[in-house]
Amino acid sequence: MKIYKFGGASVKDAEGVRNVLKVLEANGHGSKVIVISAMGKITNALEEVVNAYLSTGKYTEALQPVKEFHLNILQQLFPKKEEPVYAKVKNYFEELENFIQHNRSQQYDYVYDQVVIYGELLSTTIVSEFLTAEGYGNDWLDARNCIKTDSTYRDAQVQWPETQAAIINLVKRDHVTITQGFIGTDSNNFSTTLGREGSDYTAGIFAYCLNADSVTIWKDVPGVLNADPRVFEKPRLLEQISYEEAIELAFYGASVIHPKTLQPLQRKEIPLYVRSFLNPENDGTAVKKGQPISPKIPCFIVKKNQVLISLSALDFSFIIEENISHIFSLFHKYQIKVDLIQNSAISFSVCVDNKFNNLEKLINQLKATFRVTYNTGVSLYTIRHFDDAAIRELEKDKKILLKQTTRETVQIIATP
Ligand code: ADP
Ligand code: ASP
Ligand code: MG
């Protein structure tokens with residue numbers, strides 16, 4: 001049993017969907033679970049629908065491009081209008097609008113999850129129907145019947161025993177199953193999501209629960225590179241990485257793999273391959289047990305739009321354990337993700353990700369106890385396996401606010 005994951009970039013248009021079939025055919029018809037994300041940037045577009053609805057009560061204008069996008073792909077893939085896929089897609093949009101029209105909740109994260117899941121439901125339905133029409137038999141599975149979570153909307157935590165039981169029960173061993181990444185349900189049967197880019201994690205969950213032989217994530221890059229190609233010039237392919245190293249890279253922000261994906265795979269030593277859907281004949285990167293990284297070269301990671309907060313006690317007393325535990329309880333309360341910590345006797349600096357837009361509330365509460373200064377819009381750069389040349393290259397043209405060095409890693413907070 002193999003697990004494949006196709007992300008938004010691989011199914012961003014009709015050509016992408018046709019290419020999925022090519023990749024599958026080039027890799028044989030064995031038993032598989034294929035996890036698919038929403039098409040292209042549809043999750044962002046659905047976020048706009050949620051924002052418009054919750055801020056103005058109106059949503060139809062924001063939903064229109066989402067409808068047109070999917071209809072356009074349908075028309076290119078299925079020339080006959082009477083194909084059942086048209087009715088299925090229409091039905092999802094009716095369901096979505098029905099939810100919004102009857103919803104009374106103003107709770108952002110809850111509403112968000114009930115709406116954005118349609119991106120994945122639509123994409124998997126279209127891909128599954130297309131494969132069927134082309135003679136590639138498959139079963140479509142609603143991942144919400146498998147991925148059981150708590151009710152932390154937008155950051156749902158997997159309930160492993162229930163999830164494992166459901167997956168074993170619902171996935172047919174010798175079939176090809178198509179299912180959604182990123183989405184699950186809570187105990188009240190409300191939809192939940194696992195966090196942005198969470199489809200990789202879904203692939204890891206299925207692999208763990210099914211004792212799969214491997215997971216392959218199909219990407220628009222040749223594999224895991226030693227730097228984000230959108231930010232750094234001439235990145236190089238990493239051929240092999242250990243689980244520990246891949247977890248570190250993902251944790252520091254290498255956005256090519258979702259950070260939660262690797263732990264379940266490491267537990268069962270299931271290899272993860274990151275390969276190019278554009279050149280499916282190439283090997284790409286293997287994440288598996290073995291040497292930390294090959295070739296051993298510096299790896300550059302950047303997390304943009306971070307916030308650097310510095311705190312000191314109002315009375316110049318020391319920042320002691322008690323203060324630190326209070327500070328962290330506030331981070332937890334406001335879902336603030338901490339990237340880096342540095343403290344001295346009288347000050348405490350922390351670089352955080354304001355993913356859930358709670359920064360203002362946090363700062364106001366911190367100000368009750370501490371003197372607070374902060375910079376928004378800073379970038380956090382990390383170099384793993386650094387050398388002098390790598391640091392020099394990174395530091396040029398930047399205003400450095402903070403630098404931290406450990407044995408294998410240098411981190412620099414800089415503007416922009
Ligand atoms: P998906 O379609 O699976 O959602 P993503 O767009 O989330 O794919 O991830 C792939 C992108 O990640 C690449 O196009 C690349 O720009 C970016 N990326 C960032 N860091 C790296 C890295 N170290 N190696 C490869 N790609 C990276
Ligand atoms: N569609 C979701 C997102 O864009 C999940 C994923 O693609 O992994 O974040
Ligand atoms: Mg993605």
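Bear in mind these aren't lab numbers, they're just calculated from the coordinates by the rules spelled out. Keep in mind the model is a prediction, meaning the values are calculated, not measured. FYI the Cβ positions are ideal-geometry reconstructions off the backbone, even for glycines, and counts take in every protein chain you see.
Restricting attention to region 1-22 and to residues that are surrounded by fewer than 19 Cβ atoms within 10 Å (Cβ to Cβ) and hydrophobic (A, V, I, L, M, F, W, C), the residue that is nearest to ligand 2 (Cβ to nearest atom) turns out to be Ala9. Among the residues of region 230-274, which ones are in a helix (DSSP H, G or I) and among the polar types (S, T, N, Q)? Thr261, Gln263, Gln266, listed by residue number.
Pairs meeting the criteria (first residue in region 4-32 and farther than 18 Å from Asp200 by Cα, second residue of a type in the set (D, E, K, R) and outside any loop (DSSP other than H, G, I, E, B), beta carbons under 7 Å, at least 6 apart or on different chains) are Gly30/Lys2.
Among the residues making up region 303-358, a single one is assigned to a helix (DSSP H, G or I), surrounded by 14 or more Cβ atoms within 10 Å (Cβ to Cβ) and free of Cβ contacts under 8 Å to residues at least 12 places away in the same chain: Phe328. Of all the residues in region 165-197, those that are surrounded by fewer than 24 Cβ atoms within 10 Å (Cβ to Cβ) and within 19 Å of Arg275 (Cα to Cα) number 1.
From the list Thr216, Thr177, pick out the single residue that is within 16 Å of ligand 2 (Cβ to nearest atom) and touching a residue at least 24 places away in the same chain (Cβ under 8 Å).
Values: Thr177 fails: within 16 Å of ligand 2 (Cβ to nearest atom).
Thr216 is the lone residue from the list that is within 16 Å of ligand 2 (Cβ to nearest atom) and touching a residue at least 24 places away in the same chain (Cβ under 8 Å).
Selection of strands (runs of 3 or more DSSP E) fully inside region 145-221 by the criterion of at least 3 residues being of a type in the set (S, T, N, Q), within 16 Å of ligand 3 (Cβ to nearest atom) and touching a strand residue (DSSP E or B) at 6+ places or on another chain (Cβ under 9 Å) returns nothing.
Looking at this structure, is Lys32 within 22 Å of the chain's Cα centre (by Cα), of a type in the set (D, E, K, R) and more than 14 Å from ligand 2 (Cβ to nearest atom)? Yes: the conditions hold for Lys32.
Taking the condition surrounded by fewer than 16 Cβ atoms within 10 Å (Cβ to Cβ), in contact with a strand residue (DSSP E or B) (Cβ under 9 Å, 6 or more places away or on another chain), touching a residue at least 12 places away in the same chain (Cβ under 8 Å) and not aliphatic (A, V, I, L, M), does Glu129 pass? No, not satisfied.
Just for region 86-127: of the residues that are assigned to a helix (DSSP H, G or I) and among the small types (Gly, Ala, Ser), which one is nearest to Tyr59 (Cα to Cα)?
Narrowing region 86-127 to residues assigned to a helix (DSSP H, G or I): 86-102, 108-127.
Filter again for among the small types (Gly, Ala, Ser), leaving 87, 119, 123.
Values: Ala87: 22, Gly119: 16, Ser123: 21 Å.
Restricting to residues being assigned to a helix (DSSP H, G or I) and among the small types (Gly, Ala, Ser), the top hit is Gly119.
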